[in-house]
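First the structure, in the form of structure tokens, and then the observations on it.
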Amino acid sequence: VGSGSAVSLSRQVQGTGGSSAVSKCSAAARGYIQDRFQRLLAGRRRRRAPLIHRGYYIRARAVDRCVQDFLLKTQSLPRTQILSLGAGFDSLYFRLKDMGLLHHTVVYEVDFPNVACQKAALIKGVKELSALVGDTGGEGLGAITFSGDDYKLLGVDLSELSELERTLEEAGLNNEIPTLFIAEVVLTYMETTRSDALIQWAAEHFPQACFLLYEQVHPEDPFGRVMQQHFRQLSTALRSLALYPDCQAQQRRFLGKGWTECSVMDMNEFFTCCIPEDEQRRVQTLEPFDEYEEWHLKCSHYFVLAASKGMEPSWTPLSPIVTVPYQAGPVGMAGSVPAAVCAKLSGISGLRRYGHHSVLIKPNVIVTTGGFGEEDGQHCRVRNVHLLSKHAGHWEAVCVTQSVPDKRWGERLYHTVSCLSDTLALVVGGRTSPSSTGLGMLWLKFPETCDASGPDDIAVELVSPQPAAEAAALRWRHSTTEITFKGEQYLFVYGGRSALEPVLGDWHFLHAPELSCTAIAVEGPVPESRHSHSACSWEGGVLIAGGLGAAEQPLGSVFLLRELEHGFQWQTIETHPPLVPRYSHTAHVHEGKLLLVGGVWFHASSVPGVTVIDLMTGLCLNYVINVEHLEWPLMLHNHSSVFLPDEKELLVIGGGGNCFSFGTHLNPEPVLLSLSSILTSH
């Protein structure tokens, strides 16, 4: 790289540091983390979204846990040191000093020269900061921009190893005492040969050392591709990912470069296993939150690694404190399912949405409503209804106008739509914002001739249900399923969440068509509360699968609510191998087989494809979706899908979400999954 482009690259990388300081500051202001110093260093203030707050919370927790564990394990030793690589505007030194944890520890921070100079000037200019460091008297010399008794700030390019070594020596770094190296989303911006050399240099030159690494992982799945694209657009490509795409590769990297012990976990595992349950609950209730999918995907794409050598006793800051059965090994795949773009539907921006609902109202006619996506060239809650219909073997779509009694109707996410006849459907629940109370029920009335060939109006009527039925509707991420009891048609509304309850486990029987709440006896083991599960009608009853449970943990249970003479009974369906816990998937039943499509799970080595459960035997087979014919990342969560039994095909409409700070990804066009190879009767 010529020095000109190297300078511009270093500027881009510095930009990521400034933006992360602003995010940490915002998370501290909302009570996620305790940090009164970050605001003094961040410069600008900006309130970030709850999803960003959670992301920076988990990062801060992981770093703090490892740093404090190092200080605790070495507190009886006369001297130790911490070397923070690419420290940026981080407040770590000031927090540790303020907590009285630096009695015999010197903190060295290294960053690009102009960042180090800026930070030194900030510290000198802010009384609260300079008072903690103590009066240094002299100005910094050369690359040492600030020098206190227990704090040294150095301006050096990390990729220039010999220069780094010389400056550290000049600043007083001692190779013979226990040293903790910290690299928080830093090494991945360097050329891999240089970051490898740095990791190896640290192991070779420091007999007693610990290394804490926090950065990205899993570049090739859909979320990983969106993440990589984001960093490429910022001109700060993530370079480590090609050689070290997963946690195991990172572990091998350190063990192969002179470190004798190394443990690593992604942030879903860290949150589940290393954060006490009461603290998990505290964080989950700090702000209205409804972006579980993106939170779990973000966490599966970042990891924390702790490596050490020569430490007695050994340094193990990542040992679990919560004994939960956390399994996230590779998922066995029985085969693959091909995906192809649905050609005729590709130009329709209104089908780019998530959190919407699609339902077959009669053969070859589908209605799609609600969600968040593209409308009139901008991202918003979608008001328009789309009708899809199949003519001469091809799907077409049209946006229909509806005569709306109330503009609120059009804007809702995570609602359900149930077809009661080919001219009548019922919309139940949904939300506008996560802090809103749920929305009520609506009738959608379709003309007899309804399909995508003519712009027929859809009539929308607000339902004023009885008070008992009102409670059934004020929820979202629930399910509504048609069932029969004693020959009569009912809708079974189950689970979900509301503005007050993060997860619901209740159910309601609504008698169609007048929607009166009916008491029907239900016996058997009650399923644990859940939302974002799937529900399908089967043999007069309902099949419930997966979902997100009370502690924001995915569930792997499958239940059948089946009709008895005097009521219904919950039965557990045992699956083997056990169903991998997941949520935000869709489901369909075909000839005694339950099909689960997409969703989110914690097994970061792969993304959920299509799972087939044989309801007679419980046999559970996972199939990967072959996306080689798609030119874009297929995100299969918050999507909708319609099963077409004659063609043995699944039409997947929409899907995607806000990918942390990497931008919103909406699947650009509907996709057909061909299931004929996996549904043929063996």
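Tabulated data for the structure shown
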| read-out | value |
| --- | --- |
| Among the residues listed as 185, 226, the single one being within 28 Å of the chain's Cα centre (by Cα), under 24 Å from residue 145 (Cα atoms) and open to solvent by 10 Å² or more (accessible area, probe 1.4 Å) | 185 |
| Candidate set from the stretch 1-48 (those that are in a helix (DSSP H, G or I), hydrophobic (A, V, I, L, M, F, W, C) and under 25 Å from the mean Cα position of the chain (by Cα)); member that is modelled with the lowest pLDDT | 13 |
| Some residue of the stretch 119-129 being under 28 Å from residue 239 (Cβ atoms) and touching a helix residue (DSSP H, G or I) at 6+ places or on another chain (Cβ under 9 Å) | yes |
| Test: residue 499 is open to solvent by 50 Å² or more (accessible area, probe 1.4 Å), assigned by the TED database to the domain that holds residue 589 and among the aliphatic types (A, V, I, L, M) | no |
| Selection count, the stretch 207-222, where residues are touching a Lys or Arg at 6+ places or on another chain (Cβ under 8 Å) and over 17 Å from residue 86 (Cβ atoms) | 4 |
| Residue check, residue 489 closer than 20 Å to residue 601 by Cα and not assigned by the TED database to the domain that holds residue 300 | no |
| Condition met for residue 194 (open to solvent by 10 Å² or more (accessible area, probe 1.4 Å) and either over 35 Å from the mean Cα position of the chain (by Cα) or closer than 30 Å to residue 625 by Cβ (or both)) | no |
| Close pairs from the stretch 303-330: first at pLDDT below 90 and surrounded by 13 or more Cβ atoms within 10 Å (Cβ to Cβ), partner part of a loop (DSSP other than H, G, I, E, B) and not hydrophobic (A, V, I, L, M, F, W, C), Cβ under 6 Å, at least 6 apart | 328/603 |
| Cβ pairs under 9 Å, 6+ apart, first in the stretch 478-492 and at negative phi and free of Cβ contacts under 8 Å to residues at least 40 places away in the same chain, second among the acidic types (Asp, Glu) and open to solvent by 20 Å² or more (accessible area, probe 1.4 Å) | 490/482 |
| Subset of the stretch 507-528 that is in a loop (DSSP other than H, G, I, E, B) and open to solvent by 60 Å² or more (accessible area, probe 1.4 Å) - its residue that is farthest from residue 541 (Cα to Cα) | 514 |
| Residue check for residue 535: part of a loop (DSSP other than H, G, I, E, B), aliphatic (A, V, I, L, M) and assigned by the TED database to the domain that holds residue 445 | no |
| Pairs where the first residue, in the stretch 423-448, is assigned by the TED database to the domain that holds residue 465 and the second is of a type in the set (Asp, Glu) and modelled with pLDDT of 90 or more, C-beta under 6 Å, 6+ apart | 434/290 |
| 1 or more residues under 19 Å from residue 169 (Cα atoms) and not small (Gly, Ala, Ser): qualifying helices (runs of 4 or more DSSP H) within the stretch 79-155 | 113-125 |
| Members of the stretch 491-500 found to be more than 21 Å from the chain's Cα centre (by Cα) and at pLDDT below 95, listed by number | 500 |
| Leading residue by the ranking (surrounded by the most Cβ atoms within 10 Å (Cβ to Cβ)) among those in the stretch 232-267 that are touching a residue at least 60 places away in the same chain (Cβ under 8 Å) and farther than 21 Å from residue 202 by Cβ | 267 |
| Tally, over the stretch 585-619, of residues that are under 21 Å from residue 338 (Cα atoms), open to solvent by 10 Å² or more (accessible area, probe 1.4 Å) and touching an Asp or Glu at 6+ places or on another chain (Cβ under 8 Å) | 4 |
| Residue check for residue 289: among the aromatic types (Phe, Trp, Tyr), open to solvent by 10 Å² or more (accessible area, probe 1.4 Å), outside the structural domain of residue 252 (by the TED database) and under 18 Å from the mean Cα position of the chain (by Cα) | no |
| Strands (runs of 3 or more DSSP E) (entirely within the stretch 613-682) containing at least 1 residues that are at positive phi, polar (S, T, N, Q) and at pLDDT below 95 | none |
| Residue within the stretch 480-488 that is assigned to a strand (DSSP E or B), of a type in the set (A, V, I, L, M) and buried (at least 24 other Cβ atoms within 10 Å of the Cβ) present | no |
| Candidate set: the stretch 184-196, residues that are out of contact with any helix residue (DSSP H, G or I) (no Cβ under 6 Å at 6 or more places or on another chain) and part of a helix (DSSP H, G or I); chosen: the one nearest to residue 238 (Cα to Cα) | 188 |
| Residue match in the stretch 559-569 (condition: part of a strand (DSSP E or B), open to solvent by less than 40 Å² (accessible area, probe 1.4 Å) and in contact with a Lys or Arg (Cβ under 8 Å, 6 or more places away or on another chain)) | yes |
| So residue 434, is it open to solvent by 30 Å² or more (accessible area, probe 1.4 Å) and in contact with a helix residue (DSSP H, G or I) (Cβ under 9 Å, 6 or more places away or on another chain) | yes |
| Residue match in the stretch 161-172 (condition: surrounded by 15 or more Cβ atoms within 10 Å (Cβ to Cβ) and over 40 Å from the mean Cα position of the chain (by Cα)) | yes |
| Failed criterion for residue 380 (all others in (1) open to solvent by 50 Å² or more (accessible area, probe 1.4 Å); (2) within 23 Å of the chain's Cα centre (by Cα); (3) of a type in the set (A, V, I, L, M, F, W, C) hold) | (1) |
| Qualifying residue in the stretch 573-587 (condition: out of contact with any Cys (no Cβ under 9 Å at 6 or more places or on another chain), more than 21 Å from residue 414 (Cβ to Cβ) and part of a strand (DSSP E or B)) | no |
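The rows are residues; the columns are (1) free of Cβ contacts under 8 Å to residues at least 40 places away in the same chain; (2) buried (at least 20 other Cβ atoms within 10 Å of the Cβ).
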{"residue": "61", "(1), (2)": "no, yes"}
{"residue": "66", "(1), (2)": "no, yes"}
{"residue": "69", "(1), (2)": "no, no"}
{"residue": "72", "(1), (2)": "yes, no"}
{"residue": "82", "(1), (2)": "no, yes"}
{"residue": "90", "(1), (2)": "no, yes"}
{"residue": "98", "(1), (2)": "no, no"}
{"residue": "101", "(1), (2)": "yes, no"}
{"residue": "106", "(1), (2)": "no, yes"}
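The values are calculated or read from the model by the stated rules, or taken from the named source; none is laboratory data. Note that the structure is a prediction, hence the values are computed from the model and not measured. Don't worry about glycine lacking a Cβ; one is built from the backbone with ideal geometry, like all the others, and counts go over all protein chains shown. All accessible areas refer to the heavy atoms of the entire protein, side chains included, with ligands and DNA or RNA removed. Shrake-Rupley method; radii C 1.70, N 1.55, O 1.52, S 1.80 Å.
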